[in-house]
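The values are calculated or read from the model by the stated rules, or taken from the named source; none is laboratory data. Bear in mind that the values here come from a model prediction, so they are computed numbers and not experimental data. Ideal geometry is used to build each Cβ from the backbone, glycine not excepted, and the neighbour counts take in all protein chains shown. Just so you know, the surface numbers come from the protein's heavy atoms only, side chains and all, with ligands and any DNA or RNA stripped out. Shrake-Rupley method; radii C 1.70, N 1.55, O 1.52, S 1.80 Å.
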Amino acid sequence: MPDLVHRTWIYCRDIDNNYRGLVEGRNGCFDRYGLTPESHFIASTGIEGCTELPGRLLHMDSLGIVGLEPGQVRYMEAPDYLSPTHVYRVAFERGVRIVYGDRSHYFLSGTASIDAEGNIVHPGDVVGQTARTLENMSVLMERSGGCLSDLKQAVVYLRDWADRETVRNRLMDSPLAAVPHVMLKAPVCRPGWLVEIDGIAVNGAGEPAFAPL
């Protein structure tokens, strides 16, 4: 699994009560596979979500790519802006870049308004949290050879659906205005986080040492 799976999307019913169990299960799984902060984990979004069966508490989608060479998978970091997740005992990567000979694909994990110590920035202020989330995403992209305008799609998760127009207006003043995106009512893993965004980006930052896609 560590060599094949590069991105997961985990949907948890009643995340305020069940997220800790999700984290413990994921951490235990990664322990069994020998994944550590030094070896890196897997990029992920963990968010409120339901399946068609009321008794099912969890659903996961994943992306796996076969046949990648060493060096094609690179983990996205900006520790002076947003902390590594293991700082607050959660195991996932902020994002992953897959480098091909003719392009790079970027898979940004669910990103929120967080600082380098793992604290919520702008508590109670959805406009401020949206701005900081976009800043964090932008820095992650820039540190990995891209920019926010390279995004090809994004998903915006809102804890309170009443915030949708406020957040939409803020996004219209950002590079996401030109990016296809959808807004969902889906509470984030911490009650104090009001908005979270993930996305997929593509640009021409390839390396000739690798085969083109």
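Annotations
- Residues of segment 161-178 classified as open to solvent by 70 Å² or more (accessible area, probe 1.4 Å), in contact (Cβ under 8 Å) with a residue 24 or more places away in the chain and either small (G, A, S) or outside any helix (DSSP H, G or I) (or both), total: 1
- Matching residues, segment 135-147, being aliphatic (A, V, I, L, M) and out of contact with any Leu (no Cβ under 7 Å at 6 or more places or on another chain): V139
- Of D102, D31, all but one fail to be of a type outside the set (G, A, S), more than 23 Å from R190 (Cα to Cα) and in contact (Cβ under 8 Å) with a residue 60 or more places away in the chain; the exception is D102.
Yes/no matrix, rows are residues, columns are (1) open to solvent by 40 Å² or more (accessible area, probe 1.4 Å); (2) among the hydroxyl-bearing types (S, T, Y):
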position: N119; (1), (2): yes, no
position: L134; (1), (2): no, no
position: V139; (1), (2): no, no
position: S144; (1), (2): no, yes
position: V156; (1), (2): no, no
position: R159; (1), (2): yes, no
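- When residues of segment 1-33 are limited to those that are basic (K, R) and not in a strand (DSSP E or B), the one least open to solvent (accessible area, probe 1.4 Å): R26
- Spans of strands (runs of 3 or more DSSP E) in segment 34-117 with at least 1 residues polar (S, T, N, Q): 43-48, 58-64, 104-111
- Note on segment 68-118: residues that are closer than 22 Å to D150 by Cα, among the aromatic types (F, W, Y) and touching a helix residue (DSSP H, G or I) at 6+ places or on another chain (Cβ under 9 Å) total 2.
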